[in-house]
Amino acid sequence: MIEIIVFAPLLAAIVAGLGNRGLGNTVAKVVTTGALFLSCALSWPIFLGFLGGTAEPGVVPVLHWVQSGSLSFDWSLRVDTLTAIMLVVITSVSALVHLYSWGYMDEDPDQPRFFAYLSLFTFAMLMLVTANNLVQMFFGWEGVGLASYLLIGFWFRKPTANAAAIKAFVVNRVGDLGFMLGIFGLFLVFGTVSIPEILVAAPTAAGSSITFLGMRLSTLDILCFLLFIGAMGKSAQLGLHVWLPDAMEGPTPVSALIHAATMVTAGVFMVCRLSPLFELAPVASTIVTIIGAATCLFAATVGTTQWDIKRVIAYSTCSQLGYMFFAAGVGAYGAAMFHLFTHAFFKALLFLGAGSVIHAMHHEQDMRYYGNLRKEIPITFWAMMAGTLAITGVGILDVFGFAGFYSKDAILEAAYASGSEAGRTAFWLGAFAALLTSFYSWRLMFLTFWGRPRWALSEHIQHAVHHGHDDPDEANPPRQENSDMGEPHHVPSPDKGDGTAGYHPHESPWVMLIPLLILSVGAVFAGFVFHHQFIDSAAFWNGSIAYDEHLIHAMHDVPLWVKLTATIVMLVGLFIAWLGYLRDTSIPGKFADQLGPIYRFVYNKWYFDELYRLIFIRPAFWFGRQFWHAVDVGFIDRFGPNGVAELVDKGAYAAKRLQSGYLYSYALIMLLGLVAATSWFMVR
C-alpha cells in the first residue's frame, strides 16, 4: 500500500510530462489527479490505524541502494505515526490542489506540464517523509527544491516569476549546505546515516565535543545547529525567509501546495523526526526557539502592511512556521506537529480562497481594489471566513474552537510551561504575533468582503477586460504604493453608467469550490477532533517523536490567564481591524503617517532584500564581471579558443602566400626537396 501511495504520483508525473500536449489536457489532468486521489484514499486508513492504536510502525524495503566501504543503506519506506500524519496532509492537500487547478488553470496552454510538476512535487515530498535514512531524506529534500523551482517559474515568460524561482533555488541551496554538513557530521560521529540507528546511539555522544571552525564545541549542539540551518532555508525562517514572499509569482495553486502542506513544512518535519537528537542538544534547541519566535514576530509585522492578498497569506505562513519551530525548540514536538496538521487545512483553504477571489477579480491581487465581495462570491466568502476563524484561533475554552484555537494555544502554553528564559520570551513574542495575526487576517477579510465595492476602479481589471487578456503576464499595470488606507488615492467612483466599468465579479466554478468546502471542514473541526491525540496521548506517537510527559502536565497546569491570552489578543486584533477598515477608514492612513520611518521599515520587509542586495548580490555581480573580463575574456579566450583560432588563421594566411598556382613553381619546390633529401642521405 505504501508503495502505491509514494510512487503513483511519480508515474503520473512521468506520463503527463512525457505525453505533454500530445496527450492532451484532459488525459493529463485525469491521470495526475486520479493518482493523487488514489494516494489520498490509501493514506487515510494508515493514519486512522495509528489513531486507533491498531497499526504498528514498520519499514518497507524497496531496493538496496549504496554499499561503499562503511557507508551502506537501502532505499526503504518508513511508516510510523509521524509519517502517517504527513501522508494525509500531503496527499489530501495535493489532491484538492490538483482538482482546484482544473478550474484555475483552465485557460493555460501548458496544463500537462503544470500537472506533471505538481505530481512530481508531491512524489518528492512523500519520499522525504517516508525516508528511513538521511540520504533518502536529502533526495526528497532536493526533489521538492527542484519542483518548487519549476512551479514558481512556471510562467517563464514573466521576468518576475523567473527571478523568484532563481531566488528560491539559491536561498535554499544556502540552507542545504548546512543540512549536508549536518549529515556528513552525523556519519562521521555515528558511522551510519540510518535515522533509527543514529537516534539509538545519540545518548552515547552526549557530552562529547568536536572541532568545528577551529573551535571545540558540543558535538550534538553543532550537528543539530547545522541540521537546523537546512530547516531554516526550507521552512523560511528569519534570515533565509526572503524567497517565500516572492514565490507568490507562481500560480496560486502552487502557493497553496508549497505553503500549506509540502515544502515549507519539511524543516519542521525533519526537526521532529530527529527530536531525540535535539533533546540532547540544549544550545541548538534554544537557538531553534529564538529563531522561531523571531520569525513569528517578524513575518506578522510585515503581513500587517502588505496589499497583495497572496503576500499577506505568505507572510502569515512564515509566521505560523515560527510557531511550529519554537514549539519544537521548547520540546513540545507534538504541539508543533499538531499546528502543522491544522495549519495545512486552514492555510490551503486561505490560499485557494484567495485564488478564487483573484479568479473572480480577473487576476487582480491588490486588496485596495476589492470591497463588498461577500455578496458577489458568497461561497468563497464563507470558506475564507472559516479559514480566518481557524488561523486567528477563535474558540471557547473547554467548549469548542476552530483548528488554530487548539494548536496555537497548545504552543503558547508549552512555551510558557517550559520554564526556560527562551521559552517565556517565545510566549510573549508569540502572543503579540497572535494579535498581529488576528489584525492582518481580519484586515484582509474587511478589505476584500466588506466596505464599498472598489473593484470597478482597478486599472488592472479594466485593462484585462478591455483587451481580452486572461493571462496575468499580459496585464500587469504599475501599482500605487502611497495609499495607507483601505482605498487607493485619486481614483474615480464605481461605474455610474458611463461604460467605464464593465466587469462584474463572479463566483468560481464548482471544480474550484468543492476543494474549498472540503478544506473548510478541516479548518472547522480538525482541532476539536484530534487535539487530544496529538497533545495528550503518548501512545498515539508510539515513539516516533520525543514526548515529554512532564511538559504536557505543566501545559495543563498553567495559569488561566495564559490559557486565555490567545483569545484576548485575537479579540484585540479583530477590534483594531474593525475600527480601522470598517468604522473609520481614515485611521490606518493617519497611523502610518505618524509612524513614518517605522511604517516604511515594516512595509519594506525590514529591508532584508535591500541588505542582501548590498552585501551579497552586488559584490557577487562585481566579482563576476571582474572574472569575466580578466579571466574569461582576458586569459581563457585570449590564449584558448580565440588564441588558437588566431594562430590557425595566421598560419593559414602564411601557407596561402606559398600557393602561387604556377606549375613550374611547384616543380621547382619538388626538385629542391628531392635534392635536399638526396644530400641528407649522402651525408648520412
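What follows draws every value from the coordinates through simple rules; no lab data is involved. Everything numeric in this text was worked out from a predicted model, so none of it was measured. Glycine also receives a Cβ, built like all others from the backbone with ideal geometry; neighbour counts cover every protein chain displayed.
Shown for Leu99, Leu611, Leu663: other C-beta atoms within 10 Å of each C-beta, ranked fewest to most, produce the order Leu663, Leu611, Leu99.
Between 0 and 90 degrees, the angle of helix 282-303 with respect to the longest Cα principal axis of the chain falls at about 80 degrees. With an a/c value of 1.5 or above and a/b not larger than b/c for the gyration tensor axes a ≥ b ≥ c computed over the alpha-carbon atoms, region 1-99 is described as oblate. Protection proxy ranking of 575-581, 250-256, by the mean of other Cβ atoms within 10 Å over each peptide's residues and highest first, is 250-256, 575-581.
Based on the Kirkwood approach, the hydrodynamic radius assigned to region 155-305 is 16.6 Å, with every pair of different Cα atoms included. Assign one of three labels to region 277-321, namely rounded, prolate or oblate, based on the Cα gyration tensor with a ≥ b ≥ c the square roots of its eigenvalues; rounded applies when a/c is under 1.5, prolate when it is not and a/b is larger than b/c, and oblate otherwise. Prolate shape, in that a/c is at least 1.5 and a/b is the bigger ratio. Placing unit charges on the Cβ atoms only, positive for Lys and Arg and negative for Asp and Glu, gives the chain a dipole magnitude near 1380 debye about its Cα centre. As a rough guide to protection, the peptides 343-353, 533-543, 550-560 ranked by mean Cβ packing within 10 Å, highest first, stand as 343-353, 533-543, 550-560.
Residue order for Tyr612, Tyr323, Tyr104, Tyr370, fewest other beta carbons within 10 angstrom first, comes to Tyr612, Tyr104, Tyr370, Tyr323. Farthest toward the positive end of the dipole of the chain, out of Leu389, Thr211, Ser72, is the Cα of Thr211, where the dipole comes from beta carbon charges about the Cα centre.
Evaluated at q = 0.06, 0.08 Å⁻¹, the base-10 log of the normalised Debye intensity for the chain, with identical point scatterers placed on the Cα atoms, takes the values -0.38, -0.62. Taking every alpha-carbon pair under 8 Å whose residues sit at least 6 apart, the chain reaches a relative contact order of 13 percent.
Please compute, over every Cα-Cα pair in region 601-645, the percentage with a separation greater than 15 angstrom. Of the Cα pairs, 59 percent sit more than 15 Å apart. The longest part of the chain holding none of the exposed loop GluC sites (Glu not before Pro), meaning those outside H, G, I, E and B in DSSP with at most 11 other Cβ atoms within 10 Å, is 108-480. Packing order of peptides 29-42, 168-181, 325-338, highest average first: 325-338, 29-42, 168-181 (average count of other Cβ atoms within 10 Å over each peptide's residues).
Overall shape: oblate for region 92-165, with the ratio a/c of the largest to smallest alpha carbon gyration tensor axis at 1.5 or above and b/c at least equal to a/b. Sparsely packed loop sites in region 73-163 (the trypsin sites (Lys or Arg not before Pro) outside DSSP H, G, I, E and B with at most 10 other Cβ atoms within 10 Å) comprise Arg157. In terms of surrounding Cβ atoms within a 10 Å radius of their Cβ, Thr304, Thr219 rank from fewest to most as Thr304, Thr219. Across the cross-link table entries Lys408/Lys590; Lys158/Lys408; Lys347/Lys563; Lys29/Lys347, which are compared at the Cα atoms, the separations over 26 Å belong to Lys408/Lys590; Lys158/Lys408.
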